Amino acid sequence: MKQKNGIMDFEQYAINPSSVYEEDIKAITYIKKGDVRSLHDMSTGEEVMIQNLDNVSSFSVDNREYRKVYVNGLNSISELSSSGLRVWCYILARLSPKKNEITINMSDALDYTGYKGKMNIYNGIINLLENGLLFRKTGSGSYYININIFFNGNRIK
């Protein structure tokens, strides 16, 4: 493969060559419920309630896991050091859905970031604290994320 030295060495596309992976798309089909009606059998006096079914509808959803990054937080993210950015990526990868706190597992963080020493992870955490992406949680080794910069789920619920 020829080494690319400049922007002009890269291929151009008329349309975006990236697309949603087929395995990430889930089709959901459902039948809308219609009106409830009462039927009365004149010979027995029995009354039966029935519900009409409306049309069949379907739509597709994207199942791929994601994190929200808010535009107003981009400046803070751009100020991160190399270790801060790597630890932030680790946090994004490990952040549980609808949670606003995380406990950093040192051996897992070292594996994820590729760092050999704990000091790089500590420096990254300090950088995230300095830039307001993390807050220390009282009485533990856990941290709160700044939900005004990034989140995984709905912040209001």
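Bear in mind that the values in this text are calculations on the coordinates, not laboratory data. Here the structure is a predicted model, which is why all the values come from computation and not from measurement. Here the Cβ is made from the backbone with ideal geometry for all residues, glycine too, and neighbour counts use every protein chain on show.
Can you give the convex hull volume of the alpha carbon atoms of the chain per residue, in Å³?
Hull volume normalised by residue count: 273 Å³.
Each 5 Å bin, from zero up to the one with the longest distance, holds this percent of the alpha carbon pairs of region 22-62: 6, 18, 15, 13, 11, 10, 9, 6, 5, 4, 3, 0. Computed over the chain with a Gaussian network model linking Cα atoms closer than 10 Å, the most mobile of Val20, Val71, Val56 is Val56. Debye-formula intensities of region 68-151, expressed as log10 I(q)/I(0) at q = 0.22 Å⁻¹, are -1.06 (one equal scatterer per alpha-carbon, no solvent). Counting charges near Ile50 (Lys, Arg +1; Asp, Glu -1) among other residues having Cβ under 14 Å from its Cβ returns a value of -3.
Using 0.36 nm times the number of residues separating Asp24 and Ser60, minus their current alpha carbon distance, what extension gain do you get? Let's see the in-between values first.
Details: separation 36, 0.36 × 36 = 12.96 nm, distance 0.99 nm.
My answer for the length gained is 12.0 nm.
Highest mobility in the GNM of the chain, judged by mean-square fluctuation with C-alpha springs under 10 Å and restricted to Gly73, Gly141, Gly34, is found for Gly34.
Within region 42-96, the trypsin sites (Lys or Arg not before Pro) that combine a DSSP coil assignment with at most 15 other C-beta atoms in a 10 angstrom radius are Arg64, Arg67. If you find the alpha carbon centre of region 92-141 and of region 34-65, how far apart are they in angstrom? Cα centroid of region 92-141 versus Cα centroid of region 34-65: 51 Å apart. Given their separation in residues at 0.36 nm each and the Cα-Cα distance between them, Asp9 and Ser82 gain 23.5 nm when the chain is fully extended.
How high is the relative contact order of the chain, given as a whole-number percent (alpha carbon pairs under 8 Å, six or more residues apart)? After rounding, I find 21 percent.
Using the Cβ-Cβ distance between Val69 and Lys2 with R0 = 35 Å, the FRET efficiency computed as 1/(1 + (r/R0)^6) comes to roughly 0.50.
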